[in-house]
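Report on the structure given below.
The values are calculated or read from the model by the stated rules, or taken from the named source; none is laboratory data. Not measured: the values here are computed from a predicted model. Counting neighbours? That spans all protein chains shown, and the Cβs are built from the backbone with ideal geometry, glycine included. The area values use the complete protein model at the heavy-atom level, side chains included, leaving out ligands, DNA and RNA. Shrake-Rupley method; radii C 1.70, N 1.55, O 1.52, S 1.80 Å.
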Amino acid sequence: MNSTQLSAQDSRSRSTVIPCFLRGFFENPLQVASFVPSSGYLQRKLSSLACLQTARSVVELGPGTGETTRALLKAIPAEAQLLGVEVVSGFVKHLREFADPRLTVVEDSALHLKQILSQQNMPAPEVIVSGVPFSVMTPTEGRQLIQTIHEVLAPGGAFVTYQFRNNVCELASDCFGAPQSRAFVLWNLPPLDVYLWEKTAETKEQKKIPASPLKV
Ligand SMILES: C[S@@+](CC[C@H](N)C(=O)[O-])C[C@H]1O[C@@H](n2cnc3c(N)ncnc32)[C@H](O)[C@@H]1O
């Protein structure tokens with residue numbers, strides 16, 4: 001798909017995004033956790049992530065109405081695959097209207113990611129981007145999701161998540177250690193942090209939060 005087709009699709013879908021997102025929020029306030037989709041600023045931050053530029057296998061958890069999905073599709077190579085996993089049916093229906101052959105959308109919980117990857121016959125993801133709000137999951141579910149993400153990620157792969165609260169750091173510390181980088185995004189409603197971890201063989205004691213912000 002070329003950039004003209006992408007922008008035509010963008011403008012067509014924007015008029016339907018807000019009503020769809022609001023409906024999803026009012027029907028599923030805990031899962032959606034925000035009444036507006038992510039800002040253009042966050043989208044640009046995600047699409048400039050270095051790890052996406054060469055990735056062949058990418059997973060997005062909680063794509064919502066697809067504003068972040070569009071950012072990921074802009075960033076990944078033409079031959080890459082992007083798997084979206086979303087629980088809200090209205091969002092899934094909207095996402096399935098994206099005319100991009102690289103995107104597959106599964107209606108299911110991110111907690112079932114391991115089984116979903118195997119059903120989709122997809123290689124270990126090199127990048128997993130998640131908007132699933134860890135702050136509204138039970139600690140048990142949150143830990144289970146982090147463990148699953150860690151287990152399925154390819155060695156050296158990156159886990160990126162944008163969150164309104166920071167409890168994901170505690171949940172992730174056993175598997176991933178401290179975040180490799182973190183960036184505060186003020187221009188989003190509400191403002192949030194973007195965290196990035198890499199799956200390495202290092203122990204959490206060896207990992208440190210770098211002084212520099214998220215490389216984007
Ligand atoms: C904060 S919204 C982010 C939506 C979108 N990515 C954006 O940035 O505009 C969180 C999304 O995660 C989805 N979600 C929540 N729990 C989930 C789960 N267990 N599995 C998959 N998606 C989930 C919600 O339905 C919602 O679409």
Sort out which residues of segment 23-67 are surrounded by 21 or more Cβ atoms within 10 Å (Cβ to Cβ), of a type in the set (A, V, I, L, M), in a helix (DSSP H, G or I) and more than 6 Å from the ligand (Cβ to nearest atom), and write them in order of number. 42, 46, 52
Quick check on segment 68-84: of everything there that is assigned to a strand (DSSP E or B) and touching a Lys or Arg at 6+ places or on another chain (Cβ under 7 Å), which residue is farthest from the ligand (Cβ to nearest atom)? 81
Every residue from segment 111-139 that is within 9 Å of the ligand (Cβ to nearest atom) and open to solvent by 10 Å² or more (accessible area, probe 1.4 Å): 111, 112, 131, 132, 133, 136, 137
All positions within segment 172-194 that are within 14 Å of the ligand (Cβ to nearest atom) and either open to solvent by less than 20 Å² (accessible area, probe 1.4 Å) or under 21 Å from residue 109 (Cβ atoms) (or both): 185, 188, 192, 194
Please count how many residues of segment 195-216 are open to solvent by less than 30 Å² (accessible area, probe 1.4 Å) and modelled with pLDDT under 95. 1
Would you mind finding the one in 150, 94 that is within 16 Å of the ligand (Cβ to nearest atom), touching a helix residue (DSSP H, G or I) at 6+ places or on another chain (Cβ under 6 Å) and either open to solvent by less than 20 Å² (accessible area, probe 1.4 Å) or not in a loop (DSSP other than H, G, I, E, B) (or both)? 94
